[in-house]
Amino acid sequence: MQFTAQQLFPSSLKLAPVQTAALDPSAYCETPVYNPDLCPNMIAAQAKLVYHLNKYYNEKCQSRKAAISKTIREVCKVVSDVLKEVEVQEPRFISSLSEMDNRFEGLEVISPTEFEVVLYLNQMGVFNFVDDGSLPGCAVLKLSDGRKRSMSLWVEFITASGYLSARKIRSRFQTLVAQAVDKCSYRDVVKMVADTSEVKLRIRDRYVVQITPAFKCTGIWPRSAAHWPLPHIPWPGPNRVAEVKAEGFNLLSKECYSLNGKQSSAESDAWVLQFAEAENRLLLGGCRKKCLSVLKALRDRHLELPGQPLNNYHMKTLVSYECEKHPRESDWDENCLGDRLNGILLQLISCLQCRRCPHYFLPNLDLFQGKPHSALENAAKQTWRLAREILTNPKSLEKL
């Protein structure tokens, strides 16, 4: 049995009503997800797609990685110099930006020209971590019972109610960074980004780096993520679960998706939950990282759209969901790369059409919140064209 491009990709895509309970492309898309083992011709087509994807990875993805690595080194020189000046003014903000095994700890690549550096703060110990789910994606730090304010290194940032204010710390840090930019040796090529409560630097008019104060939380796991892993899904195995939870999470001082429009309230004292290291640990093994690299390169080249509906974190999130849908390690063998990529692109289309992309560990947090509907619809159309082109004509990857 053979399928034509017209059968695989009908000209008009009709979607079921919005569902949010599960991430499953076949639940939303009129096009079913076919089993490539149906016939020898489809196995041959699958092998052809994998061949072209590997070629794309070796040429486009590796050159992208090399260019980004070069940019990171350039950017980190400037950021390190700025943070050195900050530390001179205020020793509590000690730079934690360091290179280990050819990667900088705490640095996340948002896009080839946009980065985030997490600055880890010391002495969270006198505060209790309160995560009651009332603020999706956020938590608060409250002074422990019986502890005096004076026992905290961050005494002047504690509110009257006893909460350590993420907003107050960020505001102080922003002032220090602004002063450091004027004094650092790179002052001719770096400047603060105005009109934002975040601490952002523009370097050489080409790169933007957000520097985010944070606390690293290890040995505990947030209650809002207690449902993970789902009991009926065999991935990941118990050993990997233990490793992921041991990585813990970070509490970031930054604006939260769920607090749009509420930043003036006391809730803006909350800290944003981030699971970067835990997520990286999940994607070890098989072709998971290669799949993510291809998705990132495709996004950079074809889905950098008005309204910025998609970033690399959306891609990373959908790879994690794909791992749940395909829990066996054999599902992530190199010869399955094409199937996994197609599955993720179909899922991405579904999420864009439904205007909802749940955070992997915190499903009550919608990663599309605040994105313009028109931008999401445009991204769905562009992703559909991209998916159709890749599946019906794998050789097109040479030009994508």
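For the stretch 314-334, a tally of residues being farther than 20 Å from P229 by Cβ and surrounded by fewer than 17 Cβ atoms within 10 Å (Cβ to Cβ) returns 2.
In the stretch 179-197, the residues that are more than 14 Å from E85 (Cβ to Cβ) form Cβ pairs under 6 Å with partners that are part of a loop (DSSP other than H, G, I, E, B) and open to solvent by 40 Å² or more (accessible area, probe 1.4 Å), at six or more places apart or across chains, as follows: V189/R204. Of all the listed residues (K371, K289), the sole one being under 30 Å from I43 (Cβ atoms) and open to solvent by 10 Å² or more (accessible area, probe 1.4 Å) is K289.
The values are calculated or read from the model by the stated rules, or taken from the named source; none is laboratory data. Remember, it's a predicted structure, so these values are computed and weren't measured experimentally. Cβ sites come from the backbone with ideal geometry, for glycine too, and all protein chains shown count toward neighbours. The protein model used for the area step is the full one, side chains on, heavy atoms only, and it has no ligands, DNA or RNA in it. Shrake-Rupley method; radii C 1.70, N 1.55, O 1.52, S 1.80 Å.
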